[in-house]
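Have a look at the structure that comes next, please.
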Amino acid sequence: MDMAMAAAENMVMANQLIDIHTHILPGLDDGAEKWKDALAMARMSVKAGVGVVLATSHSRERGRESAEYLVRYVRTLNRFRSLLAEYQIPLQIGAGMEIMADGHVAERLDAGEVLTLNKTRYALVEFELDSPVQLIYRELDRLLDRGYVPVVAHPERYHCITRSVEDAAIWTEMGALLQINKGSILGGFGREIQTNADQLLRMGIVYALASDAHRPYIRTPDIRELIEVLHTDYGENAVKMLLHDNPAAILLGK
């Protein structure tokens with residue numbers, strides 16, 4: 001496992017929150033631009049009570065470009081861990097990628113071109129917002145058939161879910177997991193997507209929440225407002241289940 005198992009289990013036992021979807025590594029995608037941004041985001045996460053973050057940079061490359069990107073990713077991840085230790089920021093960073101569905105995600109995972117979450121069988125997969133629902137079903141089927149557990153990134157933002165939220169329930173019955181974004185719940189992507197997120201939460205089919213953080217000043221990793229909304233609107237167990245228990249199961253491969 002990418003993170004030391006003992007360290008991961010210690011964080012889980014300490015009841016610190018877990019953010020399984022961030023773009024905290026600089027220079028790899030549309031997330032953090034510089035090291036100072038990444039460190040600022042790390043400090044925000046810690047201040048909000050987060051103890052573990054998965055650095056899920058976008059992965060959309062294929063072939064040789066994918067191999068080169070993976071090398072850059074690992075190098076950047078290791079450098080970031082060194083900087084966190086140097087600046088004494090108490091945050092554990094796990095590996096992973098947000099993989100754009102292209103009909104070949106399972107094959108790319110098998111080939112080691114892209115990363116699952118913390119070297120488990122869980123894979124964070126995103127789809128184009130206007131993807132036909134049939135395409136999503138096919139991709140999830142392929143992943144499940146290969147033994148992976150697809151974690152569907154921000155399904156509340158997909159146009160097909162706006163048309164029929166019931167499709168998301170079927171995905172979970174198939175064996176996929178749903179991860180909703182902080183910004184969706186707080187209205188950052190508009191009223192329609194906020195309504196989708198609320199419906200999915202009230203249906204009881206959301207497995208985890210995450211910041212999907214990109215910068216220290218916009219789409220940030222600060223989840224304190226999210227925690228307040230969860231306590232107020234979704235019950236006292238929502239924070240523990242969606243930001244600790246279920247993400248911990250992913251982190252530890254359970």
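The values are calculated or read from the model by the stated rules, or taken from the named source; none is laboratory data. Just so you know, these numbers come straight off a predicted model, no measurement behind them. Here the Cβ positions follow ideal geometry from the backbone for every residue, glycine too, while neighbour counts run over all protein chains shown. Remember, those area values only see protein heavy atoms, side chains included, never the ligands or the DNA or RNA. Shrake-Rupley method; radii C 1.70, N 1.55, O 1.52, S 1.80 Å.
Inspect the stretch 204-224 for any residue being without any contact (Cβ under 8 Å) to a residue 40 or more places away in the chain, part of a helix (DSSP H, G or I) and open to solvent by 10 Å² or more (accessible area, probe 1.4 Å) and give the result as yes or no.
The first filter runs over the stretch 204-224 and keeps only residues without any contact (Cβ under 8 Å) to a residue 40 or more places away in the chain, leaving 204-206, 209, 217-219.
Still in the running and part of a helix (DSSP H, G or I): none.
No.
Do we find a residue being modelled with pLDDT under 95, of a type in the set (Gly, Ala, Ser) and in contact with a helix residue (DSSP H, G or I) (Cβ under 7 Å, 6 or more places away or on another chain) anywhere in the stretch 7-25? I'd like the intermediate steps shown before the answer.
If we filter the stretch 7-25 for residues that are modelled with pLDDT under 95, which is where we start, we get 7-16.
Add one more test, that the residue is of a type in the set (Gly, Ala, Ser), and what stays is 7-8, 14.
Checking which are in contact with a helix residue (DSSP H, G or I) (Cβ under 7 Å, 6 or more places away or on another chain) leaves us with 8.
Yes.
Next question, about the same structure. Looking at the stretch 238-254, I want the residues that are free of Cβ contacts under 8 Å to residues at least 40 places away in the same chain and have a partner that is open to solvent by less than 30 Å² (accessible area, probe 1.4 Å) and hydroxyl-bearing (Ser, Thr, Tyr) with Cβ atoms under 9 Å, at least 6 apart or on another chain. Which pairs are those?
Note: pairs meeting the criteria are 249/122; 254/120.
When you check residue 196 against the structure, is it over 17 Å from the mean Cα position of the chain (by Cα) and surrounded by 20 or more Cβ atoms within 10 Å (Cβ to Cβ), yes or no?
Against the criterion (over 17 Å from the mean Cα position of the chain (by Cα) and surrounded by 20 or more Cβ atoms within 10 Å (Cβ to Cβ)), residue 196 qualifies.
Considering the stretch 225-237 alone, what residues qualify as being over 15 Å from residue 45 (Cβ atoms) and either open to solvent by less than 10 Å² (accessible area, probe 1.4 Å) or of a type in the set (S, T, N, Q) (or both)?
The first filter runs over the stretch 225-237 and keeps only residues over 15 Å from residue 45 (Cβ atoms), leaving 228-237.
Across the stretch 225-237, the qualifying residues are 230, 232, 237.
If you go through the stretch 171-185, how many residues are surrounded by fewer than 24 Cβ atoms within 10 Å (Cβ to Cβ) and closer than 13 Å to residue 143 by Cα?
Summing the residues that are surrounded by fewer than 24 Cβ atoms within 10 Å (Cβ to Cβ) and closer than 13 Å to residue 143 by Cα in the stretch 171-185 gives 4.
Find the helices (runs of 4 or more DSSP H) located wholly in the stretch 61-154 whose residues include 1 or more that are modelled with pLDDT of 95 or more and among the hydroxyl-bearing types (Ser, Thr, Tyr), and list them. Break it down into steps so the answer makes sense when it comes.
Working: elements: 63-86, 105-110, 133-145.
Fully inside the stretch 61-154 and qualifying: 63-86, 133-145.
Starting from the stretch 128-154, keep only residues that are on the phi > 0 side of the Ramachandran plot, then list their pairs with residues that are open to solvent by 10 Å² or more (accessible area, probe 1.4 Å) and assigned to a loop (DSSP other than H, G, I, E, B) whose Cβ atoms are within a distance under 7 Å, requiring at least 6 positions of separation or different chains.
As it stands, the answer is 147/121, since those pairs meet every condition given.
From the set of residues in the stretch 81-111 that are of a type in the set (Gly, Ala, Ser) and in contact (Cβ under 8 Å) with a residue 12 or more places away in the chain, which is surrounded by the most Cβ atoms within 10 Å (Cβ to Cβ)? Quick ask: steps written out before the conclusion?
Keep residues of the stretch 81-111 that are of a type in the set (Gly, Ala, Ser), which gives 82, 85, 94-96, 101, 103, 106, 111.
Keeping just the survivors that are in contact (Cβ under 8 Å) with a residue 12 or more places away in the chain gives 94-96, 101, 103, 106.
Values: 94: 26, 95: 21, 96: 31, 101: 21, 103: 10, 106: 20.
Per the stated criteria, the residue is 96.
Shifting gears a bit: For the stretch 120-135, how many residues are closer than 9 Å to residue 149 by Cα and charged (D, E, K, R)?
Here the count works out to 1.
Name every residue in the stretch 121-148 that is under 19 Å from residue 59 (Cβ atoms) and open to solvent by 20 Å² or more (accessible area, probe 1.4 Å), in order of residue number.
Residues of the stretch 121-148 that are under 19 Å from residue 59 (Cβ atoms), as a first pass: 121-129, 131, 135-136, 139-140, 142-143, 146, 148.
Within the stretch 121-148, 121, 128, 129, 135, 142, 146, 148 qualify.
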